[in-house]
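Engineer: Structure in structure tokens, see below.
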Amino acid sequence: MEKKKEIVLSGIRPTGSLHLGNYFGALTNYVKMQEDFDCYFFVADLHSLTTHPDTSELKENVKNVIATMLAAGIDPEKATLYNQSHLQGTAELYLYLNMMAYKGELEKTVTFKEKARQQPDNVNAGLLTYPVLQAADILIHLAKYVPVGKDQEQHLEMTRNFAKRFNHRYGEVFPEPEAFNFNQKLVKIPSLDGEGKMSKSVNENATIYLTDSDELIRKKVMKAKTDSGPTERDSPMPEYIENLFQLMRLVSTQDTLAHFESAYKNCTVRYGDMKKQLAEDMVGFVSPIRNRITEIMEDEAYINKIMAEGAEKANEHASKTMSLVRNAMGLNYF
Ligand code: TYM
């Protein structure tokens, strides 16, 4: 008998175009994992309501994320691709898991504190219980591995805690899922301004989106923070320069990288040239993906079909977990 494949799940919020952080933190791993695992990938439309209550662009944004997942190489024949609000059981499991989550730990979550600071007029309960909804997404499929960037590590730790508490209280139902990256370490793709990570909400001009035009990519890269260069051999690298090398490692050839690394070492590096090269390599990397996204977005019927089929498969799989959950909790009345 064929060995049952381990289950993988991950999601992305539809709060605008995806960027290189989403691509290298999440999407490249999704594409690799679909070959060997039973994969569920979804668009987190419900999570986006915690920060984006205006839904006038939601449908378009959900379709954009689906198109981007497809453009990145996710094959709907291999992985189940769906939209979060199409999976009915998620809201129910979220309710049950809320009884396993304590106010104190939710208030201490880094992402909650960050968002509460960013939107002081809308510190809603959904924002506070965001990690519980995320745990429901993961546990409803009994997932073992969750490919995400470094910023999601704490949410995974909380998911394991909720799963452990549930299992302890009602009997073993859930595995304890782990954050996953093929390169062993979880990644954080830096922004171009030397401050923090690329992000949909914080720094548009220092973030390269997969839908940016060639011109815009060049403009953003050329504006990246640098200085006048090292004056002593083997000087330690400031973080904003290290970031440029990190981006180069992702999109440039080994030779290009080696050339600029040795130029840095012997103090002959010219950051203007380095950024020009990085910009061209970035354009070469992003433009085919952008063109595929545009092409797929033009075929709305195809995107709708993928979403409908994905919803059916995801619901079928999740309904089995929900029976286990209700039975374990004693909510099976007849
Ligand atoms: P979101 O939509 O912010 O980001 C989607 C994925 O992209 C990764 N990512 C990054 N990785 C490296 N460097 C960066 N600069 C960078 N920026 C973003 C994120 O780590 C993530 O993997 N809470 C999640 C969505 C979610 C989810 C889930 C994820 C909801 N339910 C269940 C996994 C499992 C989020 O906001 O991701």
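The values are calculated or read from the model by the stated rules, or taken from the named source; none is laboratory data. The structure presented is a predicted model; accordingly, all values stated were derived computationally and were not measured. Neighbour counts are summed over all protein chains in view; Cβ atoms, including those assigned to glycine, are modelled from backbone coordinates with ideal geometry. Only protein heavy atoms, including side chains, enter the accessible area calculation; ligands, DNA and RNA are left aside. Shrake-Rupley method; radii C 1.70, N 1.55, O 1.52, S 1.80 Å.
Engineer: State which residue pairs qualify: first residue in the same structural domain as ASP151 (by TED's automatic domain parsing) and outside any strand (DSSP E or B) and inside the range 2-15, second residue open to solvent by less than 10 Å² (accessible area, probe 1.4 Å) and within 6 Å of the ligand (Cβ to nearest atom) in any location, beta carbons under 7 Å apart, and separation of 6 or more residues or different chains.
Structural biologist: ARG13/ALA44; ARG13/HIS47
Engineer: Of all residues in the range 289-327, which are open to solvent by 80 Å² or more (accessible area, probe 1.4 Å) and under 30 Å from ASN98 (Cα atoms)?
Structural biologist: Listed by number, the residues that qualify are GLU309, GLU312, LYS313, GLU316, LYS320, LEU324, ASN327.
Engineer: Does ASP45 fit the bill of being within 24 Å of ILE189 (Cα to Cα) and acidic (Asp, Glu)?
Structural biologist: For ASP45, the condition - within 24 Å of ILE189 (Cα to Cα) and acidic (Asp, Glu) - is met.
Engineer: Here's another thing I want to ask about it. Residues being farther than 25 Å from MET99 by Cα and buried (at least 16 other Cβ atoms within 10 Å of the Cβ): count how many of those fall in the range 152-187.
Structural biologist: Of the residues in the range 152-187, 4 are farther than 25 Å from MET99 by Cα and buried (at least 16 other Cβ atoms within 10 Å of the Cβ).
Engineer: Just to be sure I understand, how many residues within the range 259-276 are free of Cβ contacts under 8 Å to residues at least 12 places away in the same chain and over 26 Å from GLU215 (Cα atoms)?
Structural biologist: Going through the range 259-276 one residue at a time, the tally reaches 3.
Engineer: Next up: If I go through the range 210-222 residue by residue, how many of them are open to solvent by 10 Å² or more (accessible area, probe 1.4 Å) and either outside the structural domain of ILE289 (by TED's automatic domain parsing) or in contact with a Leu (Cβ under 7 Å, 6 or more places away or on another chain) (or both)?
Structural biologist: 1
Engineer: Any residue at all in the range 38-58 that's open to solvent by 50 Å² or more (accessible area, probe 1.4 Å), within 15 Å of the ligand (Cβ to nearest atom), in contact (Cβ under 8 Å) with a residue 40 or more places away in the chain and of a type outside the set (D, E, K, R)?
Structural biologist: Yes, there is a match, as at least one residue in the range 38-58 is open to solvent by 50 Å² or more (accessible area, probe 1.4 Å), within 15 Å of the ligand (Cβ to nearest atom), in contact (Cβ under 8 Å) with a residue 40 or more places away in the chain and of a type outside the set (D, E, K, R).
Engineer: Quick check: anything in the range 67-78 part of a helix (DSSP H, G or I), within 12 Å of the ligand (Cβ to nearest atom) and farther than 23 Å from ASN315 by Cα?
Structural biologist: yes
Engineer: Suppose we filter the range 2-27 for residues that are within 10 Å of the ligand (Cβ to nearest atom) and within 18 Å of THR211 (Cβ to Cβ); how many remain?
Structural biologist: Count: 15.
Engineer: Taking the range 111-136 on its own, how many of its residues are among the hydroxyl-bearing types (Ser, Thr, Tyr) and buried (at least 17 other Cβ atoms within 10 Å of the Cβ)?
Structural biologist: Number of matching residues: 2.
Engineer: Next question. Could you grab me the full set of residues in the range 189-205 that are touching a Gly at 6+ places or on another chain (Cβ under 8 Å) and either assigned to a strand (DSSP E or B) or crowded, with 17+ Cβ neighbours inside 10 Å (or both)?
Structural biologist: ILE189, PRO190, LYS197, MET198, LYS200, listed by residue number.
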